[in-house]
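The values are calculated or read from the model by the stated rules, or taken from the named source; none is laboratory data. Computed from a prediction, not measured in an experiment: that's the story for all the values here. When we count neighbours, we look across all protein chains shown, and the Cβ atoms used for this are built from the backbone with ideal geometry, even at glycine. Just the protein is used for accessible areas: all its heavy atoms, side chains included, with ligands, DNA and RNA removed. Shrake-Rupley method; radii C 1.70, N 1.55, O 1.52, S 1.80 Å.
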Amino acid sequence: MNNYKFTKNWFLNSEIRKKILNYIDINKQNNMLEIGCYEGQSSVYFADNLLNHDKSTLTCVDPFMTIENNDHKRFLNNKEEETFNFNINNCNNCEKISVNKITSDKFFETNDKCFNFIYIDGCHEPDFIIRDMNNSFKCLIKDGIMWMDDYGGGDGIQIKNAMNSFLEEHKGKYEIIHKGYQLAIKKC
């Protein structure tokens, strides 16, 4: 990760980075969706390590600073999109990445792709979390993995309660495969 620019290293010590290779076969076709990209640290990790198959793809969704109610304003300095673009353009498999600079709600209005892996680290407001999880689950294939950030932290109990609400509503349709600071499920 030395040939990239980052101001925050949240992803470097994340549970997903440490465990994803236990769940994703790097030699098979992976069609991945990432909601919330910030500077692209997770995006380039996925591209460099999980998109080796000729038909693998990564779809990135992030409006960057184009929405007023951005819950990461305290971290944002208007250079995230520029940094993200630099990092994406310098990663392996960059030609397999599509970037959607829109909200996840707008993305899901027209999305017709299915994914075997979805990483959700978008808006931390409870109603957005539930919508992102519901919309993502609809386009997750059977045995696909949906991994959510900030389950055990971030803005605390509101995030956990929103995710738990999704889990309760979809009981019996998934298996929890990881629960800690992050939450991961496998669709049945």
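Place the peptides 180-186, 38-44 in order of packing, highest mean first, counting for every residue the other Cβ atoms within 10 Å and averaging per peptide. Don't jump to the answer; show the numbers that get you there.
Working: 180-186: 19.6, 38-44: 25.6.
In descending order of packing, they fall as 38-44, 180-186.
Assuming R0 = 35 Å, can you tell me the calculated FRET efficiency for the pair K142 and N27, based on Cβ-Cβ distance, to the nearest 0.05? Don't skip to the end; give the middle numbers.
On the way: r = 20 Å, r/R0 = 0.57.
It comes out at approximately 0.95.
Pull up the DSSP beta bridges for the chain and report the antiparallel fraction as a percent, rounded to 5. Working shown, then result.
Values: 9 of 27 bridges.
Antiparallel bridges: around 35 percent, rounded to the nearest 5.
Report, in whole Å, the centroid distance computed from the Cα atoms of the stretch 1-55 and the stretch 99-160.
Cα centroid to Cα centroid, the span is 16 Å.
Go through D48, D143 and list them by solvent-accessible area, largest first, probe radius 1.4 Å. Write down the numbers at each step before the final one.
On the way: D48 35, D143 85 Å².
Largest to smallest exposure gives the sequence D143, D48.
Using θ = phi - 60° and the Karplus form 6.51 cos²θ - 1.76 cosθ + 1.60, what ³J(HN,Hα) does each residue of the stretch 166-179 get, whole Hz, x for Gly and Pro?
Using θ = phi - 60°, the values come out as 4, 4, 5, 5, 10, 3, x, 9, 8, 10, 6, 10, 7, 8 Hz.
Given axes a ≥ b ≥ c from the Cα gyration tensor, I'd like to know whether the stretch 131-179 is rounded (a/c under 1.5), prolate (a/b larger than b/c) or oblate. Don't skip to the end; give the middle numbers.
Working: a/c = 1.77, a/b = 1.69, b/c = 1.05.
Prolate.
Show the residues, 5+ positions off or on another chain, whose built amide H is closer than 5 Å to the amide H of E39.
none
Starting from the residue with the highest accessible area, list E81, E95 in decreasing order, probe 1.4 Å. Mind dumping the intermediate values first?
On the way: E81 70, E95 135 Å².
From most accessible down to least: E95, E81.
Heads up, I need the accessible area for M163: 1.4 angstrom probe, whole protein in place, Å², nearest 10.
M163 exposes around 10 Å² with every protein chain in place.
Using modelled amide H (1.01 Å from N, peptide plane; none on Pro or chain starts), what sits under 5 Å from the amide H of Y119, excluding residues fewer than 5 places away?
For Y119, the qualifying residues are L33, E34, I35, W147.
Going 7 Å from the Cα of E175 along its beta-carbon direction, which residues of the stretch 109-141 have the amide nitrogen within less than 18 Å of the resulting point?
Only 116-118, 140-141 fall inside the zone, counting backbone N under 18 Å.
Karplus couplings for the stretch 93-107 from phi (6.51 cos²θ - 1.76 cosθ + 1.60, θ = phi - 60°), rounded to Hz, Gly and Pro as x?
Coupling constants for the stretch 93-107: 6, 4, 6, 9, 9, 10, 10, 10, 8, 9, 5, 5, 4, 5, 4 Hz.
Under the Karplus relation 6.51 cos²θ - 1.76 cosθ + 1.60, θ = phi - 60°, what is the ordered set of whole-Hz ³J(HN,Hα) values for the stretch 123-132, x standing for Gly and Pro?
4, 9, 6, x, 5, 5, 4, 4, 5, 4
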